[in-house]
Amino acid sequence: MDNKKDYQADRRRFLVSMGVAGAATLAGPSLSAMVNEGEVEWGEDHEIVVIGSGFTGLAAAIEAHKLGATDIVVYDMMPYFGGNSTYNGGLFAVPDSPLQKENGIEDSPERMTADQVLAGRGLAYQDLLLHVASHANEALQMTLDAGTEYLPYLQQLGGHSVPRTYQTIEACGAGIIRPLVEQCRKLGIKLVTRAKFKRLIFNKEGTVEGAEIAMGYYFGRDVDGTPVNVRSKRGLLIATGGFARNVGLRSAQDPTLTEEVPSTNPPSATGEALLEMFRVGAVPVHMAYIQTGPWASPDEDGFGYVSNYSIYNFAHSVSINVRTGKRFMNEIADRKTRSDAQLALRNDDGSPLPPITITSFEDAKEHPTMEKVLKYKVGWKFDTLEELTAHFNVPLEPLKAQIEEYNGYVKSGMDEQFGKPMGKAEGKYIRAPFVVVRNWPKVHYCQGGAQIDVHARVIGSDNWQPIPGLYAGGEVTGGMHGVSRLGSCSIPDCMVMGMTAARTMMKS
């Protein structure tokens, strides 16, 4: 029996069963094609090589330097640093944090893990979640040391049992990325843009020895760059994010995620590095679990301003089906529950019918994004309910009755319609003047990716052991969050696993 051929056929069947686009092509190379049969001409040699300059990659680089590494390089294919992390909402969940202690909020890594397991429908990898939650304070401290500033209060996002989420003052991930980039520069860490990862290079022993990088690559143009083989002494970290912008790949996993559903991610989130890891034998995990953000807006591209505005305001707002004038969901349920409820709202011809979210102006203005929402006309202010209903063609009397009913829940502290926790809505009635935005889900986060262990080592499908020399962290990995990721949990995931990868590599 030809074990090598049987192995490749098994891998091909496995990838096809996971719905990975082009699985036959990905699984095709034999093991001998993954190692070097002759001498490789190395263009660069480094102690540690990081592919991707988001939260994971930058945290890994800084932690590696802290542990004594002197030659670290971070590559990114775009002309700027940060990737999807820059687009991120800057929301950072930390259990047992300094702000929680200041405000007498009891929390723990175990409690945060339990919340995440519940949101993940029991399919999340608890060992990874607990590892991240247990080290989240260290990641928070890294950002503070670099100069990140946060708002002086915590938010309680949907699915979290207590307030535990920090928010950058910029209300976006750039508030963390910029300081981390500057920290890397101060430490002498080499940062290279327009450098696209092409493939992994193995030595004859089957260890990842380096990668082929296209230098001088221009995304979106017909400029492929010059291939350079880069060798890494201690290991190579893949930190390239998810595949939310790869419509073919994501719709192969979930046929409902067609072009009709936009994405909050930048155009570069297409998943080539993930597919390369699958090609060399990494285990695909949870590829069909792709999260949409129920706080996004159809009136702006990408993450935009409405997303953070809605995340903050949902707790004391009502989301309304414009056809009925009635609520249709718990506004702070977990993301999947809310997205599914929104996606079910359709016109008679089956086209999307985005709901509206109504907030009192007095409460909406407490969040810094409200001014931009109104300035860029992705939200509207109305002095009367009559103006509001005329603008969105909502039946007036049912909406009046709904708001009166909801305000009764605010007073009683109990939502009898959908069971929404009303703690954050205390005293915040829906009253004129109003601020209104439209919401419609956008593909936001891919829970699926390559399997890793708690040491950030990529697991191989041939022997279910770590692939020597290959590490990964963040959205390019799978299993961490299960079916649905809780909001504000990607930053601790990315940063902690980046730091973990650095610690593992420095022990090698």
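Computed values, structure above
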item	result
Qualifying positions in region 136-151 - touching a helix residue (DSSP H, G or I) at 6+ places or on another chain (Cβ under 8 Å) and farther than 17 Å from Asp107 by Cβ	Met142, Thr143, Asp145, Ala146, Gly147, Thr148, Glu149
Tally, over region 316-337, of residues that are of a type outside the set (Ser, Thr, Tyr) and modelled with pLDDT under 95	5
Qualifying position, being in contact with a strand residue (DSSP E or B) (Cβ under 6 Å, 6 or more places away or on another chain), within 30 Å of Met142 (Cα to Cα) and either modelled with pLDDT of 95 or more or buried (at least 16 other Cβ atoms within 10 Å of the Cβ) (or both), among Arg194, Arg231	Arg231
Tally of residues being in a loop (DSSP other than H, G, I, E, B) and under 20 Å from Ser268 (Cβ atoms) across region 458-508	2
Any chance Ser108 is among the small types (Gly, Ala, Ser), surrounded by fewer than 16 Cβ atoms within 10 Å (Cβ to Cβ) and more than 19 Å from the chain's Cα centre (by Cα)	yes
Verdict on Lys424 being in contact (Cβ under 8 Å) with a residue 40 or more places away in the chain and of a type outside the set (Ser, Thr, Tyr)	yes
Qualifying position, being surrounded by fewer than 24 Cβ atoms within 10 Å (Cβ to Cβ) and without any contact (Cβ under 8 Å) to a residue 40 or more places away in the chain, among Gln156, Gln141, Gln183	Gln141
Boolean, Ala390 is without any contact (Cβ under 8 Å) to a residue 12 or more places away in the chain, among the aliphatic types (A, V, I, L, M) and either in the same structural domain as Tyr309 (by TED's automatic domain parsing) or at negative phi (or both)	yes
Options Ala64, Ala69; residue that is surrounded by fewer than 23 Cβ atoms within 10 Å (Cβ to Cβ) and either touching a strand residue (DSSP E or B) at 6+ places or on another chain (Cβ under 9 Å) or small (Gly, Ala, Ser) (or both)	Ala69
Residue ranges of strands (runs of 3 or more DSSP E) in region 247-366 with at least 3 members farther than 13 Å from Lys442 by Cβ	318-321, 356-360
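The values are calculated or read from the model by the stated rules, or taken from the named source; none is laboratory data. Remember, it's a predicted structure, so these values are computed and weren't measured experimentally. For neighbour counting, all protein chains shown are included, and Cβ atoms are generated from backbone atoms with ideal geometry for every residue, glycine included.
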